[in-house]
1. Just want the ordering: Leu6, Leu124, from fewest to most Cβ atoms lying within 10 Å of their own Cβ.
2. May I ask you to derive the relative contact order of the chain, considering only C-alpha pairs under 8 Å and at least 6 residues apart, and to give it as an integer percent?
3. Cα-Cα over 21 Å: which of Lys167/Lys199; Lys44/Lys199; Lys79/Lys108; Lys12/Lys112; Lys12/Lys79?
4. Using only Cα atoms, tell me the angle between helix 22-33 and the longest principal axis of the chain; keep it within 0 to 90° and round to the nearest 10.
5. Given Leu116, Gly152, Leu129, which one lies farthest toward the positive end of the charge dipole of the chain, if we put +1 on the Cβ of every Lys and Arg and -1 on the Cβ of every Asp and Glu?
6. Jot down the per residue volume, in cubic angstrom and as a whole number, of the convex hull over the alpha-carbon atoms of segment 61-136.
7. Quick check: Cα centre of segment 170-190 to Cα centre of segment 40-107, how many Å?
8. Mind listing the phi-derived Karplus ³J(HN,Hα) values for segment 122-134, rounded to whole Hz, using 6.51, -1.76 and 1.60 with θ = phi - 60°, and x for any glycine or proline?
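Just so it is clear, none of the values below were taken in a lab; they were calculated from the coordinates. Just so you know, these numbers come straight off a predicted model, no measurement behind them. Here Cβ is always computed from backbone atoms with ideal geometry, including for glycine, and neighbour counts include all displayed protein chains.
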Amino acid sequence: MDIAGLFDIKGKRALVTGGSGGIGYMIAEGLVRAGAEVLICSRKAAAVDAAVSALSPIGAISGFAADLTTEEGIAAAAKAVGSDNVLHILINNAGTSWGAPIDSFPRKGLEKVLDLNIAAPFLLTQALLPALRRAATPDDPARIVNIASIDGFRIPPWESYPYSASKAAIIHMGRHMGKFLAGDHISVNAIAPGLFPSKMTAGVFDFDDPEELERAASPLGHRIGTPEDIAGGVIYLCSRAGAWISGATIPIAGGVATID
């Protein structure tokens, strides 16, 4: 048993969508620090450039701008990965939310969330299957990790209907995909984060307010998620330690998944 190499992902090639900020940036940093060659993408080129500039002194990272809700964006991602290249790890992290009272919830909000949170991960995975299959072996499957949310398990305290629905959907869609990709030696899992600092969560939560932190306390303590929390879960799933896992969802939320 090679304990020293159990969580080793050195030399693996990974794509992290939405990797320029928030949880995506945390995941990208963790993978880079662990020795993977990382590609990131996001809609805004300036944000991608800033993230690449910040992480390039640590290890191998590059990036590109793409709107994954469009055919052009999916094609750009496939081109960036390369038709003759391999992709060991795909992190479907890019996502968005929209909140509004049910009586006035706009159709465009519903469509925007479902397009990015559900359609884009499916279509991107489809486009990158050749590169994932090329990387996969029976002993070391290619890995797809979908970033869901603890709100895919529970009813959130705000009216973000398509967000919670999309996160529940990506958990089940991943299990469905995992069944049919197992024969190609590709595993599909999900991580369901709780409260982490990001542009999205900053819109509904004041991280500088001690009273808000108190109200958001999880069973495991009065704090929010850290980069180490999310990176550790991803590295586990993508290393030898997670090679025999598919169809699983890991809540990284301080025990919130235990609350009825």
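1. Details: Leu6 13, Leu124 24.
Ascending Cβ contact count within 10 Å gives the list Leu6, Leu124.
2. Averaging sequence separation for qualifying contacts and normalising by length gives 20 percent for the chain.
3. Numbers: Lys167/Lys199 18 Å; Lys44/Lys199 14 Å; Lys79/Lys108 29 Å; Lys12/Lys112 32 Å; Lys12/Lys79 18 Å.
Over 21 Å Cα-Cα: Lys79/Lys108; Lys12/Lys112.
4. 30
5. Leu129
6. Per residue, the Cα convex hull of segment 61-136 comes to 95 Å³.
7. 21
8. 5, 5, 5, 4, 4, 5, 9, 4, x, 5, 5, 4, 5
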